Amino acid sequence: MRFQSLISPIAFALTAIVLLYCQSTKSGTDSAESPTLKTVATPYTAVTLTTQESPTTQSEEKTTDESRKPFRLSSRFHLKKGTDEGYLIVKFELPKKSYIYSLTQPELFPKTKITVAPSPHFSLTGKQRFTPDRNPKVIESDPDFGVRLEKHSGVVQFFAPIKINKTITANELQVKIEIDGQVCNETTCLPISRKKTTAKFAGFFDPTDKKTGIPKKANPKKN
């Protein structure tokens, strides 16, 4: 009996100590977890705000992109029916009141430059130079700068005679082209640096057919 009465208080004390330790551990765990919950909540809220604001951000980015690309650039090549010769064409579509300088613009202002990457599959024939489908607007002495300016506006296309080699078919050929220069409007000018375009085959034409033989706007005009 004395042995049992002696153990009971000791057991009771040990039980109390264990309970207190468990409560202390649980409390410590809860307090350690709460900062983690707050940390997770903060970036989640930021992501939500970003998502809600994204239409405005995308609109601003689109405006910025448009301002960086104020023109449309494309290229293609046509071949005369029954031959491996034709025209390589680079086309600019400029916004209203915008312009580019000519291929022959005198120094001081950057002329438009068209560079065709060399390839074993084709060659530029003739003088190997591009010609515009219409002459540029010429200002002999600009009132602001006192120099000659040569400008193209609206839609303008540049042509160079091309010959396809026997090493490739017309449909397989891709002609890599780079453009340098600048696009200007009434207030600002945007440099064009190594702007790329790839010309692909756009069909044959019959030079003897005056109505349908030559692709639309594919024949350089002479003033």
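Of note:
- Test: residue in the stretch 145-156 that is closer than 17 Å to PRO95 by Cα, in a strand (DSSP E or B), of a type in the set (Ser, Thr, Tyr) and touching a Lys or Arg at 6+ places or on another chain (Cβ under 9 Å): yes
- Within the stretch 76-97, being in a loop (DSSP other than H, G, I, E, B) and over 23 Å from the mean Cα position of the chain (by Cα) holds for LYS81, GLY82, THR83, ASP84.
- Boolean, ILE177 is surrounded by 14 or more Cβ atoms within 10 Å (Cβ to Cβ), under 28 Å from the mean Cα position of the chain (by Cα) and assigned by TED's automatic domain parsing to the domain that holds LEU79: yes
- The condition of being at pLDDT 95 or above and in a strand (DSSP E or B) holds for ALA160.
- So TYR101, is it at pLDDT 95 or above and out of contact with any Cys (no Cβ under 7 Å at 6 or more places or on another chain): yes
- Residue within the stretch 185-197 that is of a type in the set (Val, Ile, Thr), modelled with pLDDT of 95 or more and either surrounded by fewer than 16 Cβ atoms within 10 Å (Cβ to Cβ) or in a loop (DSSP other than H, G, I, E, B) (or both) present: no
- Candidates GLU150, GLU172 - the one that is acidic (Asp, Glu), surrounded by 12 or more Cβ atoms within 10 Å (Cβ to Cβ) and over 20 Å from the mean Cα position of the chain (by Cα): GLU150
- If only residues of the stretch 111-133 that are surrounded by 16 or more Cβ atoms within 10 Å (Cβ to Cβ) and in contact (Cβ under 8 Å) with a residue 60 or more places away in the chain are counted, the one that is farthest from GLU85 (Cα to Cα) is LYS111.
The values are calculated or read from the model by the stated rules, or taken from the named source; none is laboratory data. No experiment lies behind these values; they were computed from the predicted model shown. Please note: Cβ atoms are built from the backbone with ideal geometry, for glycine as well, and neighbour counts cover all protein chains shown.
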